[in-house]
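Take a look at the structure below.
The values are calculated or read from the model by the stated rules, or taken from the named source; none is laboratory data. Model, not experiment: these values are computed from the prediction. All Cβ positions, glycine included, derive from the backbone under ideal geometry; neighbour counts span all protein chains shown. Accessible surface areas use protein heavy atoms only, side chains included; no ligands, DNA or RNA. Shrake-Rupley method; radii C 1.70, N 1.55, O 1.52, S 1.80 Å.
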Amino acid sequence: MQKSKWTKWLALMVVFSAYSAHAQQFFLLRHDSTWRQSESLFSLDGLAFAASSGVNTGFMKTWLFGGELTRESLSEISDGLSSNSRFGAEGSGSVQVMDFTKPVAGRDHWGLKIRLDQRSLAQGTFTRDAFNLVFLGNKDYLGKKAVLSPTGFDITTWQKLGIGVFNKNHFSNLTLSFVSGQRLAMFNARKASLSVSPFGTEIQLNMEGEYLRSDTAVSGFGAGNGVGFALDADRFFPLRNRKGYIGISIQDVGMVHWNSGTLYQESRADLAFSGFDLNDVLDKEPVRFEIEDSIFNSAQIGTRWTWLPARTNLIYTLRSQSDYYYELGIEVRPTLHFVPRAYAAFGKFFGEKVLAKVSADVAGYGLWSAGLAVEAHLGKHWYLAGTCANVPGLFLDKMHSIHSAVSLRKFFGKSKWKDSN
Amino acid sequence: MNQSTLHLYTMRSSFILIAVLIAGAWGCKKEPVRWTSDWVVPLAKGKLTISDFVKEDYLTADDQGFLYLTVNRGFNEFNLDSIVSVLDTVIHSQFQLDVPLNELTVPSGFSLFDVVETEQLNVAPIQMRKLKVRSGTLTYSVKNTFTAPLDVSYQVPSVVIGGTPYGLQTSIDGRNGSALGLASGSADLAGAEFDLRGPGLNSFNVIHSIFNVVVAPGAGDEVTVSVSDSIVVDLAFEDVVIEYALGYFGKHTITETITLPLDDIKQIGIEELQLGSANFDFHLRNYSGVDFSLKIDDLRAERGVQQVSLEAQPLASSINLARAYDYGGTVEPQLFSASINETNSQILDFLGLVPEVIEMDYTLKVNPLGDISGGHDFFYLDRNIEADLDINIPLCLAAKGLVLRDTLDISDEPPVNVSGNIIIRARNAFPFGALLSGRIISPSGETLSTFSVSGTIASGNFDMVSGLTSPVESEHLIYLGDAYKHFVPENKIEVSMRFDTWNFPEIVKLNAASYIDLIIIGDLSAEIEVD
């Protein structure tokens, strides 16, 4: 009876909330633990997601894959926006090799690993008025003031090459990485508004903001416009009798030193535009903006340190029965564009070779989503996991996140190491 | 579901998922994102006065601010430099020994030739006594067929350059086999003064020179010279522009047509223009030292195929002007003026045509009475015969269908496709209304798109008593349609404004204080595309 109530509650969560369901807890695979006798593990992971508390999945799909944003859909999004909205999108991939054979510092249950990551993250905040101006125009703002702050975004793309150690029992790990910064673009409007006179005869823009971007002389993968470091760690505390674990994860705690071509710009502007001077037009003089009031603009080009967009997760996983388990977690990112994301998941083993997990989460960059993850042992030590963390979002344009992940793993060789647990 | 079925299902799902992900990644090469947003933006504003429609140079205002269109245009084709000119001239001189022997043996320093020469300067059929040159070149070449080296002195005292009579002093080698001894050079004639009266100061067009040749020192004590050998000197005057000339310039009759284009007015189209009054003054000034008689055979205004010939009593007969006085370079001209107005001509018809071109057929007789100055006609390049028109039209008029056209360049392609309307809000204090229209034209002049303004910009209210105009407000729409498709830099926008004066055919006065305030606002849909 108790078990049934849990199941129903989780099923409810799955339907009405969302989660980024990484099906990567393969060490929980109950019956098949032959991988523990392998010499090494090769992992290939890929992840892509987009989420927003404001715009919906229909908008995101069009934005990502192209097409027309109809007036009706944009108006519908506008009607549903709160005064401030968030968005985030990430694309990342990694290759990792873990060695099970050699001990580290004389400790037999620790192994070495190396890891190569490519990551790109865009996140931001925007106001309803900012969305309306960009996508619907200013016609509805005649005689009104559009509040454009707080609006901002940052886009960071970087590569990491790391070396670390891991616990062969429960995969707790620590990795220190060299970071190559590819691209940074950051904009923050601290104060911004746009006013339109009642008949459209004058537009006033008041803005106070800053802009930072990395060197643009070289672009693309491995551009190396900055160098830095990053620390990644996962610490799992197995519960007694392998009933589950508590995990703490930190990722991308580090900094990048962007090179001397980095631009930092700070602007304060009170602008008014009431049209070109007709006399100039008729005289065929070069027409110019008649800008009144004041502009302050300060631009500096030089090196600059920035933090990487770090994140941390706290996970509680409980295997209540031998065939399934529960998981609760919270993710925190130290940025105004993200609110702590809570998630819950329910995983079930189907035989010895298949694990399926449904999950739900709330907040983060988006509102809520529900997810599904499947991991399968394909045989010959090949493992494949796929995740779709917003199943409704695949079909319904009115959801608020799209999330896909895939993992491919392969164990090689036979190790003499024995599981101590 | 048994285990094997589930396994198979999972495997298949996994591969489908991978395929979807790969397809998704490939799909990152996406098509653009498009949306349409609605914008109300101020485009342009300004207060336009009459000087924005008519060049300020042409406008004057009286004490009450009432405006006059004043145009001064000069006819420059009366210049006499076609009559008074120096053609390119080559003076060719050949000197041979004149002795009854075949050969002669002479020592170094022996004078072979010492000759005074006079040659004719190739000028127009006139009798030139003196001239001063603005620019030109003198080049010389000397050829020696004697075997002996010679020293040649060639002096031209009638040509003074920089205050010094022109002369050349050169040594020239003797002939070696068939290779002649040669010397050549040139001189800049700018500022040169020619006295063409000859050695006796009683002739004209004469270049006077002194030629002296001796056997070069060091040639030996016994030098054999042949009487069949010679010295050949060529002196060439090229591209000579006369700054001043004195002489008798002859009798001439010139029949010509002068065309005076009025490009600024060319863009004005008109159906009907009634001017309240108009006049122009015709001025003729003779700065030259010749008498002349000018007969204006026809003075006509032309607009397209329309022509109006002016019938003006003051210009009906020949205008005779005596020569100017020259007080040592300060010239006092002889003047003729005639005022043409509606009482002595049909000038209102003439100017009411709003001419694109004024043409004048004339007959000019120079020195009709012959050489009455005793060879003292004079000519200054910079000023000789001048004529001009001072057109003065009080801007009191009644006009219907007066069309002004202007073309505007399209400097840049708009960053986004726009459609919708342009709103024009007008406050008009001109005593005429205006109907605006426009079109986009291709480089070949083909109409690509047209747009018109809804309604006529209402005329201001003209007060017949005070002559002032009070403003009237109106608002108009321009529907752009698909005009944006043709907004590319190679095309142009042609704007036409068709004016009707207030309460036509009442005569209205234009005042310098007249204006139109325009605010132009775009009510636009922008099609935005992001790659």
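Numbers at a glance
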item: Accessible area of B:K485 in the full protein assembly, 1.4 Å probe (Å², nearest 10); result: 120 Å²
item: Computed label-point distance, nm, for sites B:T70 and A:S260 using a 7 Å Cα→Cβ extension; result: 6.6 nm
item: Mean residue ellipticity (222 nm) of the protein assembly as shown, computed from DSSP H runs ≥ 4 via -39,500 (n - 2.57), nearest 500; result: -2500 deg cm²/dmol
item: Cut-off under 5 Å, modelled amide H: who pairs with A:G247 long-range; result: A:F237, A:I315, A:Y316, A:T317
item: Distance between the stretch B:329-348 and the stretch B:107-162 - C-alpha centres, whole angstrom; result: 49 Å
item: Radius 15 Å from Cβ of B:L524, net charge of other residues (Lys, Arg +1; Asp, Glu -1); result: -2
item: Exposure rank, largest accessible area first [B:I410, B:I507; 1.4 Å]; result: B:I507, B:I410
item: Between 0 and 90°, nearest 10: helix B:3-26 axis offset from chain B longest Cα axis; result: 40 degrees
item: Sites A:A105 and A:K414, calculated FRET efficiency, Cβ-Cβ separation with R0 35 Å, nearest 0.05; result: 0.90
item: Surface share of carbon and sulfur [accessible, 1.4 angstrom probe, percent] for the protein assembly as shown; result: 56 percent
item: Phi-based couplings in Hz for the stretch A:220-237 (Karplus 6.51, -1.76, 1.60; Gly and Pro marked x); result: x, 4, x, 4, x, 7, x, 10, x, 9, 8, 10, 10, 8, 10, 10, 10, 10
item: Charge dipole (the stretch B:318-407, unit charges on Cβ, about Cα centre) - positive-most of B:S339, B:F379, B:L369; result: B:S339
item: Sequence-distant residues sharing a close amide H with B:G220 (under 5 Å, placed H); result: B:S108
item: Partners for A:K168 among aspartates and glutamates (Cα-Cα distance below 19 Å; same-chain residues under 8 apart left out); result: A:D32, A:E39, A:D99, A:D108, A:D232, A:D234, A:D419
item: Other protein chain Cβ atoms within 10 Å, averaged over every residue that makes up A:136-144; result: 4
item: Dipole moment magnitude, nearest 20 debye, the protein assembly as shown about Cα centre, only Lys, Arg, Asp, Glu C-beta charged; result: 10580 debye
item: Per residue value of the accessible surface for the stretch B:290-429 (all protein chains in place, 1.4 Å probe), Å²; result: 44 Å²
item: Taking chain B and dividing mean pair separation by its residue count, relative contact order in percent (alpha carbons under 8 Å, at least six apart); result: 20 percent
item: The stretch A:5-412, dipole about Cα centre (Lys/Arg Cβ +1, Asp/Glu Cβ -1), debye to the nearest 20; result: 2340 debye
item: Listed pairs A:K145/B:K45; A:K139/B:K400; B:K143/B:K251 exceeding 30 Å between Cα atoms; result: A:K139/B:K400; B:K143/B:K251
item: Net charge of neighbours whose Cβ lies under 9 Å from the Cβ of B:I242, counting Lys and Arg as +1 and Asp and Glu as -1; result: 0
item: Positive dipole terminus of the protein assembly as shown, leading residue within B:F146, A:L271, A:L367 (C-beta point charges); result: A:L367
item: Accessible-area ranking of B:L397, A:L41, largest first, probe 1.4 Å; result: B:L397, A:L41
item: Per-residue HN-Hα couplings for the stretch B:431-444 [Karplus 6.51, -1.76, 1.60; θ = phi - 60°; Hz; x = Gly/Pro]; result: x, 8, x, 9, 10, 9, 8, x, 8, 9, 10, 7, x, 8
item: Members of A:K61/A:K398; A:K102/A:K414; A:K61/A:K348; A:K380/A:K414 lying beyond 19 Å, as alpha-carbon distances in this model show; result: A:K61/A:K348
item: Surrounding net charge for B:G438, when Lys and Arg each add one and Asp and Glu each subtract one, Cβ distance under 11 Å; result: +1
item: Surface accessible to a 1.4 Å probe, A:M186 within the full protein complex, Å²; result: 50 Å²
item: Inter-label distance, nm, simple model (7 Å from Cα along the C-beta direction), B:N122/A:F65; result: 8.8 nm
item: Heavy-atom accessible area order for A:L271, B:L395, largest first, 1.4 Å probe; result: A:L271, B:L395
item: Buried area at the B-A interface (accessible, heavy atoms, 1.4 Å probe, summed, Å²); result: 3700 Å²
item: Modelled FRET efficiency - R0 35 Å, A:F229 with A:E352, Cβ distances, 0.05 increments; result: 0.30
item: Estimated inter-spin distance, B:E490 and A:D140, nm [label 7 Å along Cα→Cβ]; result: 4.2 nm
item: Within 10 Å of each Cβ in B:41-51, the average number of Cβ atoms from other chains; result: 6
item: Karplus-derived HN-Hα couplings along the stretch B:96-113 (A = 6.51, B = -1.76, C = 1.60, θ = phi - 60°), whole Hz, x at Gly and Pro; result: 10, 5, 10, 10, x, 9, 7, 9, 9, 10, 10, x, 4, x, 5, 7, 8, 9
item: Magnitude of the charge dipole, chain B, Cβ model with Lys/Arg +1 and Asp/Glu -1, debye to 20; result: 1380 debye
